[in-house]
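Quick notes on the structure that follows.
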Amino acid sequence: MTRIYIISGFLGAGKTTLIQKLLDEKVLGGKVALIENEFGEVGIDGGLLKQNGLEIKEMNSGCICCNLVGDFTVALKEILKTYKPEKVIIEPSGVGKLSDILKACNKVIKPGEVELGQTLVVVDGLKYRLHSRNFATFFKDQIIYADNIMLSRTQYMTPKEVDQAKGEMRKLNSKATLITTPWERLTGETIISVMSEKPISLEEELLGSLKQQDFKEGTSLKLDKKMGLFQKERYILHKEVEVRKEKKDNFFQTWGKETTRHYNKETLYHILGRLDEKEYGCILRAKGIVEGENGQWLQFDFVPGEGRVQPILPQCEGKLCVIGTELQQKALEKLFS
């Protein structure tokens, strides 16, 4: 099985540096082939790559994304046939259309033999406005067709600037995974896992766990006497919620957001402690992945009456998700802000 990865991005965004990171950390595994365009911003030294067991098919007749879709397909078929790589990395020109590369790759896809991984587009967080204004056709095409968008140079941006950049990306693509953590803090394994398959959202994960839970009265957690009655009432309601959900799949409400805010453990435990209060609705589950202090990342989980916060490896982006009934969205927004 061969999996194709496309790492695209505008000139100077840093996609070549990102590819070099993946190669240096040897996270791709097996036989790897790289197809790069000689019009890229820097280019990776071919001699160095061949020393690492990689093969390069250089395009030398123009931009592979514009006029050479046909030739590019032939080149891709050639490298698949002669080298039989397990992974293929395609680094398109920085001034080409991602949609054209996808069309070319789709011509070689064979179920069980060749598959296309998630696309990743690197966007310069400091210069995206300039690129969007001066090269709108190419820039917007790359954003629209991206499965994952990685903002580079966010370490030089304020949280407000990062949020503004994310907002601009979301105007063009509301579904792509946005990676805002500087990739120096991410492992190559984390990055490639995002590209390997569509990640499960926090909402999907929490809804899936709710389907497996038993909401019968009497299964509540051990709490103090002051909380005991309230907990019992909540679990009776959970049972009713489950019955009603069988009749209407969208009965559960969700609230969630991406976040660049930094939290510490004390703040998160305070927030989790308040989620049992009725002013936020009947909350069944909550989960979040956020950046903590000094570059540390934290994950929190909540079920009624119990919250947990634990350190995790740096992640691609901060995310919050709350699921329940009669959720008070404005109150939740204020609580987490």
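The values are calculated or read from the model by the stated rules, or taken from the named source; none is laboratory data. Everything numeric in this text was worked out from a predicted model, so none of it was measured. So basically every Cβ, Gly included, is an ideal-geometry build from the backbone, and we count neighbours across all protein chains shown.
A few remarks follow.
- With respect to the stated conditions, Asn134 fails to be surrounded by 14 or more Cβ atoms within 10 Å (Cβ to Cβ), modelled with pLDDT under 95 and under 29 Å from Cys105 (Cα atoms).
- Look at (1) modelled with pLDDT of 90 or more; (2) surrounded by fewer than 20 Cβ atoms within 10 Å (Cβ to Cβ) and you find that Pro314 fails only one, number (1).
- Hits in the stretch 158-215 (condition: modelled with pLDDT under 80, closer than 18 Å to Thr254 by Cα and out of contact with any helix residue (DSSP H, G or I) (no Cβ under 9 Å at 6 or more places or on another chain)): Ser201, Leu202, Glu203, Glu204, Glu205, Leu206, Leu207, Gly208, Ser209, Gln212
- Only one of the listed residues (Leu275, Leu268) is farther than 30 Å from Thr187 by Cβ, touching a strand residue (DSSP E or B) at 6+ places or on another chain (Cβ under 6 Å) and either β-branched (Val, Ile, Thr) or modelled with pLDDT of 90 or more (or both). That residue is Leu275.
- Residue match in the stretch 32-40 (condition: modelled with pLDDT under 85, over 14 Å from Ile6 (Cβ atoms) and surrounded by fewer than 19 Cβ atoms within 10 Å (Cβ to Cβ)): yes
- Exactly one residue among Leu76, Leu54 is farther than 29 Å from Arg129 by Cα, at pLDDT below 80 and surrounded by 20 or more Cβ atoms within 10 Å (Cβ to Cβ), and that residue is Leu54.
- Entry remark, the stretch 164-196: residues being closer than 19 Å to Phe139 by Cα and either surrounded by 14 or more Cβ atoms within 10 Å (Cβ to Cβ) or of a type in the set (D, E, K, R) (or both) number 15 in total.
- Odd one out for Val121, checked against (1) among the hydrophobic types (A, V, I, L, M, F, W, C); (2) free of Cβ contacts under 8 Å to residues at least 60 places away in the same chain; (3) buried (at least 20 other Cβ atoms within 10 Å of the Cβ): (2)
Yes/no matrix, rows are residues, columns are (1) among the β-branched types (Val, Ile, Thr); (2) modelled with pLDDT under 60:
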position	(1), (2)
Leu28	no, no
Gly62	no, yes
Thr82	yes, no
Lys87	no, no
Pro92	no, no
Ile109	yes, no
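- Residues that are farther than 19 Å from Ala146 by Cα, within 19 Å of the chain's Cα centre (by Cα) and outside any helix (DSSP H, G or I), drawn from the stretch 9-28: Val27, Leu28
- Here Gly96 does not qualify as surrounded by 14 or more Cβ atoms within 10 Å (Cβ to Cβ) and touching a Lys or Arg at 6+ places or on another chain (Cβ under 9 Å).
- Pairs are defined by a Cβ separation below 7 Å, a sequence spacing of at least 6 or placement on different chains, a first member in the stretch 275-300 that is farther than 21 Å from Lys330 by Cα, and a second member that is among the hydroxyl-bearing types (Ser, Thr, Tyr) and at pLDDT below 90; no pair meets this definition.
- Selection from the stretch 156-177 of residues that are within 14 Å of Glu291 (Cβ to Cβ) and of a type in the set (A, V, I, L, M, F, W, C): Met157, Val162
- Just one of the listed residues (Ala13, Ala104) is touching an Asp or Glu at 6+ places or on another chain (Cβ under 6 Å) and modelled with pLDDT of 80 or more, namely Ala13.
- Here is the figure for the stretch 86-127: residues that are more than 19 Å from the chain's Cα centre (by Cα) and of a type in the set (S, T, N, Q) total 3.
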